[in-house]
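Taking it in order: structure first as structure tokens, then the write-up.
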Amino acid sequence: MEISVINWGITKKNENVKCYILKNEFLEVEILNYGGIIRKISSPDKDGKMENVVLNLSNITDYEERSPYFGAIVGRNAGRIANASITINNQKYNLAKNNGENNIHGGVDNFSHKIWDSKEIKGEDFVGVELSLKSPHMEEGFPGNILAKVTYKLIKNELSLEYKATSDMDTYLNLTNHSYFNLSGDFKRDVSDEYLTLACKEFIAVDEATLPVKVTSVVETPFDFQHSKKLDSSLNSNHEQIVIVNHGLDHPFILDENRKGASAVLEDKISGRKLEVYTDQPAVVIYSGNYLYEIGKLSDGSECKKHMGICFETQDYPNVLNFMPEKGKIYNSLKPYSQKTIFKFTNI
């Protein structure tokens, strides 16, 4: 196991960007202190060839100007909040509007755009990075002074993400990581020929603004991944819920409460790579990169295309305080926020 750090550029605000390189016999991972971005994960294919399996960009300017949250920590909220407002203890908070009339991923200057305090960490069986960030009261409209910590640990063939946050007053938090996975290796193909399995019997249908509207059974729909299924059969479906998000997935899936093992499994039978996603969260928003053709070039100079990557945004129910307030969670100094997600890489 080894860990190293290099200078990776300077932001428009004249902040230094660091890149932490975590490496062991199974994986090599790059983490930026800008946005907590997972910039690279190199994993072996069936023949042992190490290749990158997450979409990325070449430099910090590209991440500041045109990244669709590639690999970043998003917060204080993951996903969209309707009408950019939440109510806590009968008090309404108006949030930043950065997605039409709605708030998405925490607002304009959200966690993905920040330089996080960072330090190397090391244990008997892991190397990692601990990131921390202070978010002041009413930043982007959210109440409470927040101290957030996100810890990345490389343990054998697993990348573990642990999130913790405390607030000095009642507030709402819902964090996630926004990596786009592509198991072909070095962006050889889009993800339409990869296979997905989910521990999930229900998904949440969305409206034209991709806001949640109805908890729906996956049975006899393109959203049924209870058994391994090739993605293209869903991405190319004419089901109204596939069409409404520009032909693809951009939906919350409610994970089975009694699930055993992985919450999601992605497989590329050509490269032989397999990704297992484990989480303690009740939902995962799966986004199949339906607008990635707008991004431009990836780090290797190739044009990014539709469905070039797929996100597993493990999180609480989206827009929960407005859509299903009975399931909403409020955090404070006595009730800190926490979540854990593990990305495990193996071969088929």
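Please work out whether the stretch 106-192 counts as rounded, prolate or oblate from its C-alpha gyration tensor, where a ≥ b ≥ c are the square roots of the eigenvalues and a/c under 1.5 means rounded, while otherwise a/b larger than b/c means prolate and anything else oblate?
Oblate.
Which GluC sites (Glu not before Pro) in the stretch 62-141 sit in a loop by DSSP (not H, G, I, E or B) and have at most 14 other Cβ atoms within 10 Å of their own Cβ?
Those that pass, being in a loop and sparsely packed, are Glu101, Glu124.
Which of rounded, prolate, oblate describes the stretch 14-79, given a ≥ b ≥ c as roots of the alpha-carbon gyration tensor eigenvalues and a/c under 1.5 marking rounded, otherwise prolate only if a/b is larger than b/c?
prolate
Give me a comma-separated list of calculated 3J(HN,Hα) values for the stretch 127-142, in order, Karplus coefficients 6.51, -1.76, 1.60 applied at θ = phi - 60°, integers in Hz, x for any Gly or Pro.
Result, ordered by residue: 10, x, 9, 10, 10, 9, 8, 9, 10, x, 3, 6, 5, 6, x, 8 Hz.
Only four residue types carry charge here, +1 at the Cβ of Lys and Arg and -1 at the Cβ of Asp and Glu. Report the dipole size of the chain about the Cα centre in Debye, rounded to the nearest 20.
So the dipole magnitude of the chain works out to roughly 400 debye.
What label, among (i) 1.07; (ii) 0.99; (iii) 0.94, belongs to Rg/Rh (Cα atoms, Kirkwood Rh) computed from the structure on display?
Checking each listed value against the structure points to (iii).
Using a probe radius of 1.4 Å on heavy atoms only, what accessible surface per residue do you get for the stretch 21-158? Whole Å² is fine.
Dividing the accessible area of the stretch 21-158 by its residue count gives 39 Å².
Have a look at Tyr180, Tyr93, Tyr172 and tell me which one the Gaussian network model of the chain (Cα, springs below 10 Å) gives the largest fluctuation.
Tyr93
How long is the gain from Glu220 to Lys13 if the chain were fully straight, where each residue apart is worth 0.36 nm and the alpha carbon distance is subtracted?
Computed gain between Glu220 and Lys13 is 69.5 nm.
Determine the per residue accessible area of the stretch 263-348 with all protein chains present and a 1.4 angstrom probe, expressed in square angstrom.
In whole numbers, the stretch 263-348 has 38 Å² accessible per residue.
Hey, any idea what % of the stretch 286-348's accessible area is carbon plus sulfur with a 1.4 Å probe?
The C+S portion of the solvent-accessible surface of the stretch 286-348 is 52 percent.
Which residue, chosen from Val127, Ile115, Asn98, occupies the Cα position most advanced towards the positive end of the dipole of the stretch 98-155, where the dipole is computed from +1 (Lys, Arg) and -1 (Asp, Glu) charges on Cβ about the Cα centre?
Final value for the positive-end residue is Val127.
Which value, in debye to the nearest 20, describes the size of the charge dipole of the stretch 132-247 about its Cα centre when Lys and Arg Cβ atoms bear +1, Asp and Glu Cβ atoms bear -1, and nothing else is charged?
500
Rounded, prolate or oblate for the stretch 154-285? Axes are the square roots of the Cα gyration tensor eigenvalues, ordered a ≥ b ≥ c, and the cut-off for rounded is a/c under 1.5.
Oblate.
The values are calculated or read from the model by the stated rules, or taken from the named source; none is laboratory data. Just so you know, these numbers come straight off a predicted model, no measurement behind them. All Cβ positions, even for glycine, are placed from backbone atoms using ideal geometry, and neighbour counts span all protein chains on display. To get the accessible areas, we keep the full protein, side chains included, count just its heavy atoms, and leave off ligands, DNA and RNA. Shrake-Rupley method; radii C 1.70, N 1.55, O 1.52, S 1.80 Å.
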